[in-house]
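The values are calculated or read from the model by the stated rules, or taken from the named source; none is laboratory data. Computed from a prediction, not measured in an experiment: that's the story for all the values here. Neighbour counts are summed over all protein chains in view; Cβ atoms, including those assigned to glycine, are modelled from backbone coordinates with ideal geometry. Each accessible area value is taken on the protein alone, full model and side chains, heavy atoms only, with ligands, DNA and RNA left out. Shrake-Rupley method; radii C 1.70, N 1.55, O 1.52, S 1.80 Å.
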Amino acid sequence: MNLHEYQGKDILANFGVRIQRGVVAKNAQEAVAAAKQLTAETGTSWHVIKAQVHAGGRGKGGGVKIAKNLQEVETIAGQIIGMNLVTPQTSAEGKKVHQVLIAEDVYYPGETETSEFYVSVLLNRASGRNMIMYSTEGGMDIETVAEETPHLIFTEEVDPSVGLMPFQARRIAFNLGLDGLAFKEMTKFVTSLYTAYVASDASLFEINPVLKTSDNKIMAVDAKVTIDDNALYRHKDYQDLRDLREENPIEVEAGALGLNYVDLDGNVGCMVNGAGLAMATMDLIKQAGGEPANFLDVGGTADAARVEAAFKIILKDPNVKAILINIFGGIVRCDRVAQGVIDAYKNMGNITVPIIVRLQGTNADIAKELIDSSGLDVMSATEFQEAADKVQQVLENK
Ligand code: GDP
Ligand code: MN
């Protein structure tokens, strides 16, 4: 689950990480009230208006703007809320902005004493450990830094049995070229950041930029946070943070039906039971020259109702030109799945894409009989390869 910047910053603040303070607003009036509140609390006279969408690069797309007075807060907030923000990380249509964060301005005009760093905590899948990735080149695209000046990116791996050690926090502050108060502040910053990451069961905390202010305070100006979905049951209070408007609508609908569905770019819809078989099926489609339109694990109980729900989800994607059903009948018998497919097909009545069904396992032969004698535009296959080849054939005949 991805969070908005303001939600990520709230979590950081709860763990004692210094943040650029802000108040979220849904319209221009709320924005003005938020700005007044911030001025009262922090003394700031300028404000930053920041679009809250699940995408980075907002600054480049015109989603982060400075307001020098309340009139500008109102005008700019009015412009940003409701706009379709296009950034290097969104699609060409962009993302609709529903709310903005009104934040205190923490950069002072003509300021030369501030610097921007990059600090993130993430899982290194290769080593199976959390790591802190950091750079002196903050405020810009970290991918560009990685490409052009990779020596300016440092990493610090954390041993899970002891956590982040004080000497590691000091090494980070040292490598960032800090001394005095800023050095101490940075060690505190990364230590609290790491604690926040572990305690919230996150898989990413990316702070870009981390700002060193003119009075040597270290603070988070931005926050990109991903919480591990599999750990959400441990964080009931985070469930409200989910913003379904930011997610793929078909995936949201599939999730509500208990289907494990991920939308992809290809044209072969897949209906499979078990994540491993689903991955293998996608590989096979690709090897046969096709492109999967989705990942879909229907789970262990592939009865008619579930098969029908899965059909509906797959067919919502207009790119789907063929559907491959690949189900192993272990717990659920193949003939029951076959009957489920036939019933769902008849129930829906409007399926026009060809369907290839491969059922293996208990009663596979009876299942094949059922499919072959159903009179529907459904082809059966016994072998994995045969199924993938048939998919290619129907695509080429179209
Ligand atoms: P992103 O573009 O989506 O990564 O959004 P950020 O939150 O990182 O903001 C983009 C840029 O806006 C930052 O890199 C900063 O340079 C700038 N910015 C953020 N807060 C302030 C602020 O308080 N004052 C000024 N002058 N610039 C800011
Ligand atoms: Mn940023």
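Select, from Ile132, Ile142, the only residue that is in the same structural domain as Phe183 (by TED's automatic domain parsing) and modelled with pLDDT of 95 or more.
Details: Ile142 fails: modelled with pLDDT of 95 or more.
Being in the same structural domain as Phe183 (by TED's automatic domain parsing) and modelled with pLDDT of 95 or more holds for just one of Ile132, Ile142, which is Ile132.
Please determine, by comparing only the residues of region 1-51 that are of a type in the set (Asp, Glu) and within 25 Å of Asp237 (Cα to Cα), which one is most open to solvent (accessible area, probe 1.4 Å). Outline the logic, then answer.
Let us first name the residues in region 1-51 that are of a type in the set (Asp, Glu), namely 5, 10, 30, 41.
In the following step, the residues that additionally are within 25 Å of Asp237 (Cα to Cα) were identified as 5, 10, 30.
Details: Glu5: 8, Asp10: 88, Glu30: 68 Å².
Filtering region 1-51 for residues that are of a type in the set (Asp, Glu) and within 25 Å of Asp237 (Cα to Cα), the one most open to solvent (accessible area, probe 1.4 Å) comes out as Asp10.
Which one of these is away from ligand 2 (no atom under 16 Å from the Cβ) and not in a loop (DSSP other than H, G, I, E, B): Ile66, Ile102? Reasoning before the result, please.
Numbers: Ile66 fails: away from ligand 2 (no atom under 16 Å from the Cβ).
Going through Ile66, Ile102 in turn, the sole match is Ile102.
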Region 188-227: number of residues that are more than 16 Å from ligand 1 (Cβ to nearest atom), assigned to a strand (DSSP E or B) and open to solvent by less than 10 Å² (accessible area, probe 1.4 Å): 1
Please name all residue pairs, on different chains or six or more residues apart, with Cβ atoms under 6 Å, provided the first residue is in region 55-73 and is within 17 Å of Pro88 (Cα to Cα) and the second residue is basic (Lys, Arg) and part of a loop (DSSP other than H, G, I, E, B). Val64/Arg58
For Val121, work out the one condition from (1) open to solvent by less than 50 Å² (accessible area, probe 1.4 Å); (2) within 14 Å of ligand 2 (Cβ to nearest atom); (3) under 25 Å from Leu12 (Cα atoms) it doesn't fulfil. (2)
From (1) surrounded by 15 or more Cβ atoms within 10 Å (Cβ to Cβ); (2) away from ligand 1 (no atom under 15 Å from the Cβ), pick out the condition that doesn't hold for His54. (2)
Say whether the condition of being away from ligand 2 (no atom under 16 Å from the Cβ), in contact with a strand residue (DSSP E or B) (Cβ under 7 Å, 6 or more places away or on another chain), in contact (Cβ under 8 Å) with a residue 40 or more places away in the chain and open to solvent by 60 Å² or more (accessible area, probe 1.4 Å) is met by at least one residue in region 86-98. yes
If you check Glu116, Glu72, which single one turns out to be within 12 Å of ligand 1 (Cβ to nearest atom) and in contact with a strand residue (DSSP E or B) (Cβ under 9 Å, 6 or more places away or on another chain)? Glu116
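Look through Gly258, Gly289, Gly299, Gly274 and report the one residue that is assigned by TED's automatic domain parsing to the domain that holds Arg333, surrounded by 18 or more Cβ atoms within 10 Å (Cβ to Cβ) and over 18 Å from the mean Cα position of the chain (by Cα).
On the way: Gly258 fails: surrounded by 18 or more Cβ atoms within 10 Å (Cβ to Cβ); Gly289 fails: surrounded by 18 or more Cβ atoms within 10 Å (Cβ to Cβ); Gly299 fails: surrounded by 18 or more Cβ atoms within 10 Å (Cβ to Cβ).
One residue alone meets the criteria, Gly274.
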Would you say Asp105 is at negative phi, in contact with a Phe, Trp or Tyr (Cβ under 6 Å, 6 or more places away or on another chain) and either at pLDDT 95 or above or open to solvent by 10 Å² or more (accessible area, probe 1.4 Å) (or both)? yes
Only one of Val119, Val86, Val97 is of a type outside the set (Lys, Arg) and assigned by TED's automatic domain parsing to the domain that holds Asn208; which? Val119
Just wondering, is there one or more residues in region 316-336 that are β-branched (Val, Ile, Thr) and assigned to a helix (DSSP H, G or I)? no
Being among the β-branched types (Val, Ile, Thr), in a loop (DSSP other than H, G, I, E, B) and open to solvent by 30 Å² or more (accessible area, probe 1.4 Å) is the filter here, so list the residues in region 342-398 that pass it. Thr352, Thr362, Thr382
For Ile81, all conditions in the list (1) open to solvent by 30 Å² or more (accessible area, probe 1.4 Å); (2) among the aliphatic types (A, V, I, L, M); (3) more than 13 Å from ligand 1 (Cβ to nearest atom); (4) within 26 Å of Ser192 (Cβ to Cβ) hold save one; what is the number of the exception? (4)
